[in-house]
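The values are calculated or read from the model by the stated rules, or taken from the named source; none is laboratory data. As the structure is a prediction and not an experimental result, all values here were calculated from the model. Methodologically, a virtual Cβ is constructed for each residue, glycine included, from the backbone with ideal geometry; neighbour enumeration extends over all protein chains shown. Areas reflect the complete protein model, heavy atoms only, side chains present, ligands, DNA and RNA absent. Shrake-Rupley method; radii C 1.70, N 1.55, O 1.52, S 1.80 Å.
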Protein chains: 2
Amino acid sequence: MEPRKRFILEERDIPRRWYNIVADMPQKPRPALDPVTRQPLTQKDLSRIFSEEAARQELNTVDRWIEIPEAVRDQYRLYRSTPLVRAYGLEKALDTPAHIYFKNESVSPVGSHKLNSALAQAYYCKQEGLTNITTETGAGQWGTALAYAANVFGLELAVYMVKLSYEQKPYRRSLMQVWGAQVVASPSMSTKAGRRILTETPNHQGSLGTAISEAVELATTVPGCKYTLGSVLNHVTLHQTVIGLEAEKQMEMAGEWPDVVIGCFGGGSNFGGISYPFMRHCLGGEHAGTRFVAAEPEACPKLTKGQFMYDYGDEAGYTPLLPMYSLGHTFTPAGIHAGGLRYHGAGTIASCLLGEGRIEAVDIGQKESFRAGVLFARTEGIVPAPESAHAIAATVREAIRAREEGTPRTILFCLSGHGMVDMAAYDRYLTGDM
Amino acid sequence: MEPRKRFILEERDIPRRWYNIVADMPQKPRPALDPVTRQPLTQKDLSRIFSEEAARQELNTVDRWIEIPEAVRDQYRLYRSTPLVRAYGLEKALDTPAHIYFKNESVSPVGSHKLNSALAQAYYCKQEGLTNITTETGAGQWGTALAYAANVFGLELAVYMVKLSYEQKPYRRSLMQVWGAQVVASPSMSTKAGRRILTETPNHQGSLGTAISEAVELATTVPGCKYTLGSVLNHVTLHQTVIGLEAEKQMEMAGEWPDVVIGCFGGGSNFGGISYPFMRHCLGGEHAGTRFVAAEPEACPKLTKGQFMYDYGDEAGYTPLLPMYSLGHTFTPAGIHAGGLRYHGAGTIASCLLGEGRIEAVDIGQKESFRAGVLFARTEGIVPAPESAHAIAATVREAIRAREEGTPRTILFCLSGHGMVDMAAYDRYLTGDM
């Protein structure tokens, strides 16, 4: 492995504000609609489910910068800034003239970027006097992050975990429990939605859609309890922009600017987190040539093969209708190991930007993603999460193209998390069982 | 959780030399002996098994400081300095007047301190023209670190993994395989030692002793192959002193000096790594009141209940005879989850210092260790490795004593690794199955 170059920010340079790209978008995304009245959602509608502040941020199309609360920044300081790393080893292995950088979000105490928003959402709930929060989780990265954050701010947390993951990923479940969360396999008998699904399909293995239905039902029926979401929505993406804002300063330290920014894509918050702070310069007329590439799994290709439509966020149809590229809210993707990318729709901001041609999308097969993951582990020393391996695979494609075309380029991708808790998936890949 | 204070060194302050405590010890440890001739081991004897440089370092009783090779330091830079953290959250939970600091070695890419020596040992083997290395691993932390290091320096690695761990800890096995190592369950049929053990006891579940026998046999019979060890020996402890040397500078940044230094104890390299740089001041007449506490498991109490003797390092009796506190080389500890602490003997330096009364030892029950581990996860946000949880439990005892006696003190402990790959053990604890 080659020696690596890491760029770390001074503590005073850790961002104090998140970046709200909607304020800069010449054409705003269409509004989310109430599923019954089909009227644009108001803050009042949203705050039935979410904290007041999350609801306010969700609808904010005006303020470019949103202050990061000091209590959240205090927690960020434990693991931020995350390193920006020049991937010399990967470059050498690919024999590419491209310069490859990655932003290493895997160093957070939960092992992924999800904590950036979990801390913010839990903090707002606590500030507003709530005692309980709830959410769903698929692969378990979001649930783990929220368990950590709920513990930080002294909130009770109930996590509805997709049943398939509950059984396949016991390490994630135990992590949440160590941090004090209650973890329920979804669909469960504890909600109306769960009972309905189990009555219709007794062996239902669960999906993000079923788990969201259960968590939203809990939040709307239990006093003092609100719901939180780990991706898709504008305010979640907003919190993740801390990634790209740091990366921007770190790329300056490295004396380069990315020609291509790459992120894996589930609901869009990790992708938006790394991309939008760079895209703001494009929207302002600078760096017009920068490309933004979303890497989604072949098994759940909403960006490359979905339709733009108003669709529900969950399977039962409890959530608002969102204007998004979607495979349909009842779409059930194959049980790939990158559980965090198995979501049927793309967030409204990303959907709008895709429609305008500001974002490119590529779909990556599961084997290609693991091949890239193992290559990365052997050249850069970090075993990536199966989700993040999609961003690496897209990076590998770009780097090989740079070699074939003989045109150097600077690539930046987000390593959203490590795969230490996903080794069973790597084992399947290494033994050819995939 | 309380906000934490982290101390990180500037890159230029990452140590350039390791500290060899033997040079400062007024009474040197007795020599290791050849098992056949009972004569003190020479460098030539040792280099039959180990790299020349490791053998040289092992017998060096003269040089206080040993240069860290630049290529190793290049690799250290990827994760060092590791943070020194003031554990406000733990202090508050224990309502103690003690100040608690921990040195967080879990941030290394393999999740533990083991990498500090793995990189050094692999580097020396490569420098000396070897192509293959071998080792044994119990819990898997050492094997994982060596797999990473062998990949860094382009060496082939065969790891003999204790069969019980091979089956119980598939995530560790997969991690080693992702980094390209060959992993063999020990006892195996691939060595004479393994065949003998399996002939006598067909269902033998393996132990560090059996795995060492197999690895040493491979190293002595295959040309171009040498053996490496993850703890116990002087040169391994030497490499780990980078921990304490950093911590010393970081405690200065914090404006405090530890009254008590605590490390978990398997073979002694993590304990020595955090302790000896501080102990050097005691040996020099300063800070005479500083205490050094080794935390070992109740199930393998070589320090608190072992005898000082010349004993073999392995089960088959292939290794030199070491002057150490030991439970006997055929002792088989219960199958506790802290596999890294299941070793029958203590390194010669630690044994000598224990005999002189410079080290205290405490033994910690398994439940107490996990109780401390969960408390730490909930107050400081990091799930500790089961081994490290022993150091935390000893810290908790000290902090409670400080409260009960009304005497403040400054405690420093080494968080040798995280427990993300050990969640099955936490699950057993949380469900009462322990």
What is the spread of the Cα atoms of segment A:262-326 along each of their three principal axes, largest first, in whole Å? 43, 25, 19
What is the distance in Å between the Cα centres of segment B:1-59 and segment B:79-97? 28 Å
List, shortest first and in nm to one decimal, how far the label point of A:Lys192 (7 Å from Cα along Cα→Cβ) is from its counterparts in the other copies. 7.6
Count charges around A:Phe292 for me, please; just the other residues with Cβ under 9 Å from its Cβ, Lys/Arg as +1, Asp/Glu as -1. +1
Which chain B residue sits with its beta carbon nearest the axis carrying B onto A, and how many Å away is it, rounded to a whole number? B:Met420, 2
Per the helix-only model, the protein assembly as shown has a calculated mean residue ellipticity at 222 nm (DSSP H runs of ≥4, -39500 (n - 2.57) each, divided over all residues, rounded to the nearest 500) of -12500 deg cm²/dmol
So which aspartates and glutamates can B:Lys92 reach, going by Cα to Cα under 18 Å and dropping same-chain residues fewer than 8 places off? A:Asp74, B:Glu2, B:Glu380, B:Glu398, B:Glu404, B:Glu405
For segment B:183-196, Karplus-derived ³J(HN,Hα) couplings (6.51, -1.76, 1.60; θ = phi - 60°; whole Hz; x for glycine and proline) come out as 10, 10, 6, 10, x, 10, 8, 8, 10, 4, 4, x, 5, 5
Select from A:Cys414, A:Gly206, A:Thr304 the residue farthest towards the positive end of the dipole of chain A; place +1 on Cβ of Lys and Arg, -1 on Cβ of Asp and Glu, and compute about the Cα centre. A:Gly206
Which value results for Rg/Rh of segment B:13-145 when Rg is the Cα radius of gyration and Rh the Kirkwood radius based on the inverse mean 1/r? 1.05
Which net charge results when you count Lys and Arg as +1 and Asp and Glu as -1 among the other residues whose beta-carbon is under 12 Å from that of A:Ala150? +2
Give the value in nm², to one decimal: projected area of the alpha carbon convex hull of segment B:337-404, averaged over all directions. 5.6 nm²
Bridge type composition, the protein assembly as shown - antiparallel percent by DSSP, nearest 5: 40 percent
Taking 7 Å along the Cα-to-C-beta vector as the label spot, tell me the A:His287-B:Met434 distance in nanometres, rounded to one decimal. 4.7 nm
At 10 °C and 1.306 mPa s, the Stokes-Einstein diffusion coefficient in µm²/s for the protein assembly as shown, with hydrodynamic radius from the Kirkwood sum on alpha carbon pairs, is 57 µm²/s
Where Lys and Arg each count +1 and Asp and Glu each count -1, what net charge lies around B:Phe50 among other residues with Cβ under 15 Å from its Cβ? -4
Quick check: convex hull over the Cα atoms of segment A:33-88, volume per residue in Å³, rounded to an integer? 162 Å³
Rg over Rh [alpha-carbon atoms, Kirkwood Rh] for segment A:246-374: 1.00
Ignoring ligands, DNA and RNA, the residues of segment B:146-176 whose accessible area with a 1.4 Å probe is reduced by 10 Å² or more relative to the chain alone are B:Tyr148, B:Asn151, B:Val152, B:Tyr171, B:Arg173, B:Ser174, B:Leu175
What's the center-to-center distance, using Cα atoms, between segment B:274-310 and segment B:376-393 in Å? 21 Å
How large is the dipole of segment A:292-434 about the Cα centre if only Lys and Arg carry +1 and Asp and Glu carry -1, each at its Cβ, rounded to the nearest 20 debye? 280 debye
Cα-Cα separations in segment B:221-282 greater than 12 Å, expressed as whole percent: 69 percent
What is the Cα centroid distance between segment B:355-373 and segment A:207-268, reported in whole angstrom? 42 Å
Longer than 18 Å from Cα to Cα, which of A:Lys249/B:Lys5; B:Lys126/B:Lys169; B:Lys126/B:Lys192; B:Lys5/B:Lys249; A:Lys169/B:Lys169 are they? Say none if no pair is. A:Lys249/B:Lys5; B:Lys126/B:Lys169; B:Lys126/B:Lys192
Would you kindly derive the ³J(HN,Hα) couplings of segment B:228-245 from the backbone phi angles with the Karplus curve 6.51 cos²θ - 1.76 cosθ + 1.60 (θ = phi - 60°), listing them in order in whole Hz, with x for Gly and Pro? 9, 10, x, 7, 6, 7, 4, 5, 5, 4, 3, 4, 6, 5, 4, 5, x, 5
Run the label-point distances for A:Arg428 please: 7 Å along Cα to Cβ, every other copy, nanometres, shortest first. 2.6
Straight-distance crosslink candidates among aspartates and glutamates, where the alpha carbon sits under 16 Å from B:Lys367 and sequence neighbours closer than 8 are dropped: B:Glu296, B:Glu298, B:Glu387, B:Asp422, B:Asp427, B:Asp433
Take the solvent-accessible surface of the protein heavy atoms, probe 1.4 Å, and return the percent of it on chain A that carbon and sulfur atoms account for. 48 percent
Counting other Cβ atoms within 10 Å, keep those with at most 13, restrict to DSSP loop, and tell me which trypsin sites (Lys or Arg not before Pro) in segment B:368-401 are left. none
In Å² (nearest 100), what accessible area is buried between A and B, both sides summed, heavy protein atoms only, 1.4 Å probe? 3600 Å²
Between copies, how far does the label point of A:Met309 sit from its twins, in nm, shortest first, when each point is 7 Å from Cα along Cα→Cβ? 7.6
Looking at B:Phe271, A:Gln182, A:Ile14, which one has the Cα that reaches farthest to the positive end of the dipole of the protein assembly as shown (charges on Cβ: Lys, Arg +1; Asp, Glu -1)? A:Gln182
With N set to the number of residues, divide the alpha-carbon radius of gyration of chain B by 2.2 N^0.38 Å and report two decimals. 0.91
What longest region of chain A stays clear of GluC sites (Glu not before Pro) that DSSP places outside H, G, I, E and B and that have at most 12 other Cβ atoms within 10 Å? A:11-285
Give the residue from B:Gly345, B:Leu46, B:Ser165 lying farthest towards the positive end of the charge dipole for chain B; charges sit on Cβ (+1 for Lys and Arg, -1 for Asp and Glu) and the dipole is referred to the Cα centre. B:Ser165
So, with +1 on the Cβ of K and R and -1 on the Cβ of D and E, and no other charges, what is the size of the charge dipole of segment B:138-280 about its Cα centre, to the nearest 20 debye? 560 debye
Dipole in debye (nearest 20) - segment B:244-327, about Cα centre, beta carbon charges: Lys, Arg +1; Asp, Glu -1: 160 debye
Can you send over the solvent-accessible area of B:Met420, 1.4 Å probe, protein chains only, in Å² to the nearest 10? 10 Å²
Which shape class, rounded, prolate or oblate, goes with segment A:160-229 when its Cα gyration tensor gives a ≥ b ≥ c as root eigenvalues, a/c under 1.5 marks rounded, and past that a/b bigger than b/c marks prolate? oblate
Could you estimate the translational diffusion coefficient of segment A:158-311 from the Stokes-Einstein equation, with Rh from the Kirkwood formula over C-alpha pairs, at 37 °C and 0.692 mPa s, in whole µm²/s? 181 µm²/s
